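Have a look at the structure below, then the notes.
The values are calculated or read from the model by the stated rules, or taken from the named source; none is laboratory data. This is a predicted model, so every value here is computed, not measured. Cβ coordinates were reconstructed from backbone atoms using ideal geometry, including for glycine residues, and neighbour counts include every protein chain displayed. Accessible surface areas use protein heavy atoms only, side chains included; no ligands, DNA or RNA. Shrake-Rupley method; radii C 1.70, N 1.55, O 1.52, S 1.80 Å.
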Amino acid sequence: MKSFAALFERLDQTTKTNEKVAAMTEYFSACWSGQATPSTRVDGAWALYYLSGRRGRRLIPTTRLRQWAAEAAGIPDWIFDESYDVVGDLAETITLVVPASGDPVQRSLTEWIERHVMTLSSLDEAQQRDAITAMWRQSDGTPRLILMKLITGAFRLGVSAKLVSRAIANATGLPRDVIAHRCMGQWQPSETFVESLLSSDTGDAVDGRPYPFCLAHAVPVAGDDPTQGDPVAPAIGAIEEFIAEWKWDGIRGQVIRRNRTTHVWSRGEELMNGRWPEVETAAEFLPDGTVIDGEILASRLVRDLTEYPTGVQVLPFAQLQRRIGRKTVGKKLLSEVPVMFHAFDCLESDGIDIRDRPLSVRQAKLKELIDATEPPNLIFNPSIDATSWSDLVDIRASSRQRHAEGLMLKRRDSIYHVGRVRGSWWKWKVAPYTVDAVLIYAQLGHGRRASLYTDYTFAVWDAGELVPFAKAYSGLTDAEIARVDRFVRENTSERFGPVRAVKPQLVMELAFEGLQRSTRHKSGIATRFPRIVRWRTDKQPADADRLADLLTMLPDSA
């Protein structure tokens with residue numbers, strides 16, 4: 001734990017990528033050196049587990065932790081709550097408020113997690129309290145902070161899975177794409193996992209394991225303001241070098257068919273078996289040793305080839321959302337929201353990894369495969385015919401009518417990279433919707449911004465009153481955040497736990513990707529990916545937009 005705590009501090013104290021990679025490389029090198037003990041080797045696996053973005057659920061209700069911490073510190077509950085309000089992070093508040101042990105117990109990361117953290121959920125309340133207070137007596141400083149973050153399910157650091165894979169590759173000498181592949185899917189830290197991770201035989205392909213996804217960069221936009229105008233000729237190369245496709249608004253996924261078994265994975269490494277029965281049925285038509293990449297979309301076959309040349313109508317994302325998160329889907333919903341897999345790449349064919357072949361070759365293999373097997377509810381995502389960038393500008397303008405986010409531009413000769421590699425795949429999204437809204441609620445942020453009010457709720461006008469419709473926390477500069485924080489503290493009208501209601505005086509321009517109807521919000525709508533574009537100091541609250549203006553942006557408003 002001491003070594004992992006030192007790594008935690010190094011990662012938390014820098015924003016420089018190379019320094020983060022160097023710190024992780026040093027840590028993993030020590031964990032998996034020839035002199036490392038079995039326990040240390042598994043420590044490295046647990047570190048990888050959490051650094052790569054995996055987080056356990058909250059093991060104990062926060063109300064219990066707050067009460068026990070206040071009692072351990074010998075302070076009233078209200079003082080603890082005030083401290084929590086200032087710090088903004090429960091794990092950090094507990095670490096600071098509960099007195100230091102003075103004599104911490106030295107345990108390995110594995111022992112702390114497997115014998116003291118993971119066992120908490122099986123205990124009754126009294127036993128949990130005894131276990132937690134024992135942890136406080138036996139730990140302090142960063143090790144205690146880490147334990148509290150694991151218990152509250154709030155462990156996170158500013159490193160990506162790509163950086164973690166890069167560090168492990170540096171530490172082991174294995175190819176980064178092999179490391180990234182072995183870290184995909186479901187696995188648990190153990191000596192067995194470490195052996196498979198560090199194996200020098202790089203030809204492995206576990207039956208259900210997906211490949212790391214190839215991702216795209218945003219197309220460079222002419223001008224200083226990316227919200228103004230469209231690039232007529234993106235500075236990425238000649239149009240003949242690219243394949244253009246619709247950038248669908250669905251769920252990116254890989255369909256894997258190996259040893260007569262199907263696995264459907266999301267880009268977020270979530271196994272989605274059982275949620276999309278149409279896709280799993282289609283996969284049974286594919287030969288063993290096949291892995292394809294594509295988009296899960298709410299869509300249906302239609303006869304009108306004039307409006308839908310491919311014979312497929314893509315439905316709004318709001319329809320697909322009706323099925324997201326459902327472990328089982330009833331007949332009624334299957335009928336109302338049919339799903340299809342729009343495949344655009346082939347990663348494995350006849351059990352052979354073909355990611356290093358040009359995109360044009362992989363897509364030809366994919367089309368040949370689909371034409372030969374004709375799987376139901378699985379189609380080849382066709383490219384878009386265009387002879388100039390101007391043609392694509394006009395085509396892209398119809399994206400929202402097709403329920404697409406814009407276009408994908410992929411080099412014909414590109415291999416299937418791990419993560420984002422600039423120059424191979426580009427996403428050319430349509431400009432977002434924008435609206436002027438009034439800030440009405442604020443809440444403290446997290447991490448480095450835990451002591452600042454950075455999470456905001458915005459409202460628009462409806463029948464003379466402000467109704468909330470979106471939350472946003474990104475887009476302002478540090479200087480602007482400091483100004484808003486000062487305004488919140490000086491203009492709070494009410495408090496609702498950690499949330500402060502403020503005088504409706506600040507107007508911000510928000511951008512978002514789309515709207516859908518929602519009965520959970522007073523406004524009756526919900527936004528997708530809202531963020532702050534700019535602080536409209538030139539506008540008064542009365543100048544903010546009306547709810548009626550937003551309703552015209554709904555997909556079903558036409």
Worksheet item: Ordering 474, 52, 139 from largest to smallest accessible area (1.4 angstrom probe), what's the sequence?
Response: 474, 52, 139
Response to the item:
Expressed in square angstrom to the nearest 10, the accessible area of residue 455 with a 1.4 Å probe stands at 40 Å²
Discussion item. When a/c reaches 1.5 or more, the comparison of a/b and b/c decides; with that in mind, is the chain rounded, prolate or oblate per its Cα gyration tensor?
Written reply: oblate
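Give the carbon-plus-sulfur fraction of the accessible surface of segment 406-558 in %, rounded to a whole number; probe 1.4 Å, heavy atoms of protein chains only. Before the final figure, lay out the partial values.
Working: 3670 of 7540 Å².
About 49 percent, which is the carbon plus sulfur part of the accessible surface.
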Practice prompt. Would you please give the FRET efficiency between residue 9 and residue 431, computed as 1/(1 + (r/R0)^6) with r the Cβ-Cβ distance and R0 = 41 Å, to the nearest 0.05?
Written response: 0.45
Fill in: Solvent accessible area, Å² - residue 119, 1.4 Å probe, full protein context
50 Å²
Discussion item. Charges at C-beta only: +1 for Lys and Arg, -1 for Asp and Glu. How large is the resulting dipole of the chain about its Cα centre, in Debye rounded to 20?
Written reply: 560 debye
Worksheet item: Which listed residue (27, 344, 251) has the Cα farthest towards the positive end of the charge dipole for the chain, taking +1 on Lys and Arg C-beta and -1 on Asp and Glu C-beta about the Cα centre?
Response: 27
Worksheet item: Can you list the lysines whose alpha carbon sits under 24 Å from that of residue 410, skipping same-chain ones fewer than 8 residues off?
Response: 162, 247, 365, 367, 427, 429
Worksheet item: What percentage of the solvent-accessible surface of segment 246-373, computed with a 1.4 Å probe over protein heavy atoms, is contributed by carbon and sulfur atoms?
Response: 49 percent
Worksheet, complete the sentence: So for segment 389-452, using the alpha carbon gyration tensor with a ≥ b ≥ c as root eigenvalues (a/c under 1.5 gives rounded; past that, a/b versus b/c decides prolate or oblate), I'd call it oblate
Worksheet item: What FRET efficiency do you get for residue 518 and residue 422 if R0 is 25 Å and r is their Cβ-Cβ distance, rounded to the nearest 0.05?
Response: 0.10
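Once fully extended, how much extra length lies between residue 100 and residue 302, figured as 0.36 nm per residue of separation less the alpha-carbon to alpha-carbon distance?
Details: separation 202, 0.36 × 202 = 72.72 nm, distance 6.77 nm.
My answer for the length gained is 65.9 nm.
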Practice prompt. Return the aspartates and glutamates within reach of residue 20: Cα separation strictly under 16 angstrom, same-chain partners fewer than 8 residues apart disregarded; answer none if there are no such residues.
Written response: 9, 12
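Counting only protein heavy atoms and using a 1.4 Å probe, what share of the accessible area of segment 42-194 belongs to carbon plus sulfur, as a whole percent?
Details: 3240 of 6680 Å².
Carbon and sulfur: 49 percent of the exposed surface of segment 42-194.
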Discussion item. Less than 27 Å apart at the alpha-carbon level, and either on another chain or at least 8 residues along: which lysines does that give for residue 539?
Written reply: 471, 503, 522
Worksheet item: So what is the relative contact order of segment 491-558, in percent, for Cα pairs below 8 Å that sit 6 or more residues apart?
Response: 30 percent
Discussion item. Just to confirm, what accessible area per residue do you get for the chain at 1.4 Å probe, in whole Å²?
Written reply: 48 Å²
Item to complete: Specify whether the C-alpha gyration tensor of segment 399-558 places it in the rounded, prolate or oblate class, a ≥ b ≥ c being the square roots of the eigenvalues: rounded for a/c under 1.5, otherwise prolate if a/b is larger than b/c and oblate if not.
Response: oblate
Response to the item:
When the charge dipole of the chain is computed with +1 at the Cβ of Lys and Arg and -1 at the Cβ of Asp and Glu, the Cα pointing farthest to the positive end, of 287, 126, 324, is that of 126
